[in-house]
1. Confirm whether His70 is at pLDDT 95 or above and more than 30 Å from Met236 (Cβ to Cβ).
2. Taking only pairs six or more apart or across chains, which ones have beta-carbon atoms under 8 Å, a first residue in segment 269-282 that is within 12 Å of Asn252 (Cβ to Cβ), and a second residue that is part of a helix (DSSP H, G or I) and open to solvent by 20 Å² or more (accessible area, probe 1.4 Å)?
3. If Arg62 meets every condition in (1) assigned to a helix (DSSP H, G or I); (2) modelled with pLDDT of 95 or more; (3) under 20 Å from the mean Cα position of the chain (by Cα) apart from one, which number is that one?
4. As an exercise: evaluate Pro98 against (1) modelled with pLDDT of 95 or more; (2) surrounded by 15 or more Cβ atoms within 10 Å (Cβ to Cβ); (3) not hydroxyl-bearing (Ser, Thr, Tyr) and give the number of the one condition it does not meet.
5. Residues being open to solvent by 10 Å² or more (accessible area, probe 1.4 Å) and either over 21 Å from Leu362 (Cβ atoms) or touching a Pro at 6+ places or on another chain (Cβ under 8 Å) (or both): count how many of those fall in segment 489-513.
6. Based on what the data block shows, is Glu416 of a type outside the set (Gly, Ala, Ser), in contact with a Leu (Cβ under 9 Å, 6 or more places away or on another chain) and either modelled with pLDDT of 95 or more or more than 19 Å from Val257 (Cα to Cα) (or both)?
7. Look through segment 352-362, keep the residues that are open to solvent by 10 Å² or more (accessible area, probe 1.4 Å) and free of Cβ contacts under 8 Å to residues at least 40 places away in the same chain, and return whichever of them is farthest from Trp377 (Cα to Cα).
8. Which of the residues belonging to segment 448-459 are open to solvent by less than 40 Å² (accessible area, probe 1.4 Å) and of a type in the set (Ser, Thr, Tyr)?
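The values are calculated or read from the model by the stated rules, or taken from the named source; none is laboratory data. The structure presented is a predicted model; accordingly, all values stated were derived computationally and were not measured. Reconstructed Cβ throughout: ideal geometry from the backbone, glycine too, with neighbour counts over all protein chains shown. Accessible surface areas use protein heavy atoms only, side chains included; no ligands, DNA or RNA. Shrake-Rupley method; radii C 1.70, N 1.55, O 1.52, S 1.80 Å.
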Amino acid sequence: MVRRLVILLAVVWIAVAAAPAASRTAQPVTGYVDTHNHLMSNEGFGGALFCGKTFHPDGIARALVDCLDHHPNGEAAWFENFTRTGSPLGTHDPVGYPTFRDWPANDSMTHQQNYYEWIERAWRGGLRIMVNDLVTNRQLCEIYPLKNRSCDEMTAIRLEAQRTYDLQNHIDAKSGGPGTGFFRIVKSPDEARQVIAAGKLAVVLGIETSEPFGCRTTLGIPHCTRAQIDRGLNEMHALGVRSMFLCHKYDNALCGVRFDSGAQGAIVNLGNLLSSGSFWRVERCTGPERDNTISPDGVLPPVLNDLLPPGVGLPVYPPAPHCNTKGLTSLGRYMLEGMISRGMMVEIDHMSVKAADQTLDLLESRGYAGVISSHSWTDPNYFRRIYQLGGMITSISHDADDFVDSWRSSKTLRDELGKTGYGYGLDAYGLHVLPAPRSGSAVTYPLPTGQDRASTGQRTWDYNVDGVAHVGLVPDWIEDMRAIAGDGFMQDMAAGAEAYLQTWQAAMTRAIH
């Protein structure tokens, strides 16, 4: 009897020891989640569109330098100028380190904002999970006249993944050896919990690109097969990718996209023509959900006009509301099934409302929780369905007042559904303007985290003057929002990392094997 009891206790002990870490602890993680960032954009887009690196083996003086074509005064940097001011004309001081007179800045979209020491400041200020979306765009690469490598999207994605591991190794080497750095790439929610419990930053790899696995179309004919999708998912999963977009800026062989508006919309629509052989096709929306309105006054910068075929201009669309005629394709459905079987997070942003609706239908039929809207690029009418699945919604990094408004709007629904935890998608280095300084802000230093003003080289940034000039100023931005929204906001943000892990864990639990 005693012997049988000993054996039984041993079996119970082994079962408990073998159980996932998350199931053995009732203590949730505490901290912020950045669900959408781009650490390695400089390696994509042909390697010459973005300026500066997240790290350099030879140090900061080699990492934080401007693009060659931005010298001597930024006058030739037409893409930087256009994305910053709406005009190809402009100037800036190209010197980065050590003076940083003109960049990084919250509204400068082609200069590095994710240098690893700035990431470290965000981590010390409470960041616990960051999703690094590997990103590139073949058409933008081909349109931009300067490049030093292939425009093939998957080649760039592989390189960016490798550079992220290189960054981890670089930080380790600076910290004392393998495993000692604050920056840890994780491949499961249990591993993320272990990393966070050890006082480090859990980094999740994602992919945001327009032609994953070569899945573009030419006049409706797909350039990929199911076999290519299987091979691609297997390869990316082995690299550690756990989150993916099916489509990004252009209609592809997997799904139709949610349109861009304004001048950027005109550029992206040109890219859609060059990528697929046609401009976006529009129909009048029949339900409450709609895609972004294509602006009638959207114009191309002069340098891009010559890319239009002779006698062809940008199309004139009927009055809004605008909806993309293209939804989820059979290949897109096949890829979704492949992601579900691997427990991957499905990024629903950038899908047309038709594609998003069909995607949610499929996920609901599978009871699959792993869906996220990470940076405010899906119709808010889908929020209830996402939450009811067990998914997560985070807002893009607006100015402080606007971000708080987004949080308040979401809180009403989350309170109704019993959902806690909120987060942000910074979208730094992703052609997105970061939060500007708020009129009337009075962030005082040191912050409650004990951090003084961010300082690098000869430059010191003050959030009240500079806004979120780089990722290191996120703690200052969050402190400004605390002053607006109070402790309830801070509690919800501090529960963001746990909410993300619960969604990820639920996805893996429901994965089809």
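1. Details: at pLDDT 95 or above: yes; more than 30 Å from Met236 (Cβ to Cβ): yes.
Spelling it out, His70 is indeed at pLDDT 95 or above and more than 30 Å from Met236 (Cβ to Cβ).
2. Matching pairs, first to second residue: Gly271/Leu140; Gly271/Ile143; Ser275/Arg138.
3. With (1) assigned to a helix (DSSP H, G or I); (2) modelled with pLDDT of 95 or more; (3) under 20 Å from the mean Cα position of the chain (by Cα) applied to Arg62, the lone miss is (3).
4. Here Pro98 clears every test but (2).
5. Kept after step one, since they are open to solvent by 10 Å² or more (accessible area, probe 1.4 Å), are these residues of segment 489-513: 490-492, 494-495, 498-499, 502, 505-506, 508-513.
Okay, now just the ones that are also either over 21 Å from Leu362 (Cβ atoms) or touching a Pro at 6+ places or on another chain (Cβ under 8 Å) (or both), so 490-492, 494-495, 498-499, 502, 505, 508.
Looking only at that region, the number is 10.
6. Working: of a type outside the set (Gly, Ala, Ser): yes; in contact with a Leu (Cβ under 9 Å, 6 or more places away or on another chain): no; either modelled with pLDDT of 95 or more or more than 19 Å from Val257 (Cα to Cα) (or both): yes.
No; evaluated as a whole, the condition is false for this residue.
7. Our first condition is that a residue be open to solvent by 10 Å² or more (accessible area, probe 1.4 Å); within segment 352-362, this holds for 353-354, 357-358, 361.
Okay, now just the ones that are also free of Cβ contacts under 8 Å to residues at least 40 places away in the same chain, so 358, 361.
Values: Gln358: 16, Asp361: 19 Å.
Applying the filter and picking the extreme gives Asp361.
8. Residues of segment 448-459 open to solvent by less than 40 Å² (accessible area, probe 1.4 Å): 451, 454, 456.
Answer for segment 448-459, where residues must be open to solvent by less than 40 Å² (accessible area, probe 1.4 Å) and of a type in the set (Ser, Thr, Tyr): just Thr456.
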